[in-house]
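The values are calculated or read from the model by the stated rules, or taken from the named source; none is laboratory data. Treat the numbers as computed from the prediction; the structure is a model and nothing was measured. Here the Cβ positions follow ideal geometry from the backbone for every residue, glycine too, while neighbour counts run over all protein chains shown. Heads up: the accessible areas ignore ligands, DNA and RNA and are worked out on the full protein's heavy atoms, side chains in. Shrake-Rupley method; radii C 1.70, N 1.55, O 1.52, S 1.80 Å.
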Amino acid sequence: QREWLRVTLHGIGDAVVATDTGGRVMFMNPVAEQLMGYGVKEAAGRLLGEVFNIVHESTGQAVANPIAQVLQSGQLVNLAEDTMLIRRDGVQLAIADSGAPIRDATGALIGVVLIFRDVTQQKRSEQASRQREALLQAILQNTTTLISAYDLKGRFVHVNRRFEELSGKTAAEVCGHLPGELFPR
């Protein structure tokens, strides 16, 4: 079972770090080593906060240590979506993570496991998508061409500002209706 557990923890795609109740690193899998920039031999016995530097994405302010939160509450803790890990080499990675208590057979808290993954590319993709959507909306709303879109049943789902100006109706009044309901012939 011990070998099975070792192979499993080394083979999964998420970073895994386990600490004792003092918050000292006891285990790191290879993904954690790669993302944090520290080898397990360098990190072992050190406080997690010394090797796991996390900050808020927009403010750069330090984020509360999830291990401390788990040790205090004894329950699963998730970090905010805007958490950045600053690797040993200074590179910042957007991460998603959670910390959970490790309990022995009697239920006593004996440590914490932190599981996290790099979501930098996902966040970049989401940001690029939001920017494309904003650009598209700006074009649609500010063109001098009347634009409307319909669902499969022929109901309005979108009208632009020019449509509103020419029809005298707002998008809220139009969307969800068939053209014949609003503009009888």
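Observations on the model:
- Around the amide H of R46, modelled in the peptide plane, lie the amide H atoms of V25, all under 5 Å away and 5 or more residues distant in sequence or on another chain.
- Annotation: amide H-H contacts under 5 Å for N53 (H modelled 1.01 Å from N, sequence separation of 5 or more, or interchain): I86.
- Across segment 75-91, coupling constants 3J(HN,Hα) worked out from phi with the 6.51/-1.76/1.60 Karplus curve, θ = phi - 60°, read 10, 4, 10, 10, 7, 5, 5, 9, 9, 10, 8, 9, 5, 3, 7, x, 5 Hz, and Gly and Pro carry x.
- For semi-axes √(5λ) of the Cα gyration tensor in Å, the value computed from the atomic coordinates appears in the list [x] 45, 25, 12; [y] 52, 18, 15; [z] 35, 18, 14 under label [y].
- Our note on the geometry: Cα centres of segment 20-68 and segment 80-99, 10 Å apart.
- When the solvent-accessible area of the chain is split by element, carbon and sulfur atoms take up 54 percent of it, the probe being 1.4 Å.
- For segment 108-185, GluC sites (Glu not before Pro) meeting the loop criterion (DSSP other than H, G, I, E, B) and having at most 11 other Cβ atoms within 10 Å: none.
- The HN-Hα couplings worked out from phi for segment 120-128 by the Karplus form 6.51 cos²θ - 1.76 cosθ + 1.60 (θ = phi - 60°) are 4, 4, 4, 5, 5, 4, 5, 5, 4 Hz, whole numbers, x standing for Gly and Pro.
- Alpha-carbon centroids, segment 154-185 and segment 106-143: separation in whole Å: 34 Å
- In this structure the chain gives 61 Å² per residue of accessible area when probed at 1.4 Å with all protein chains present.
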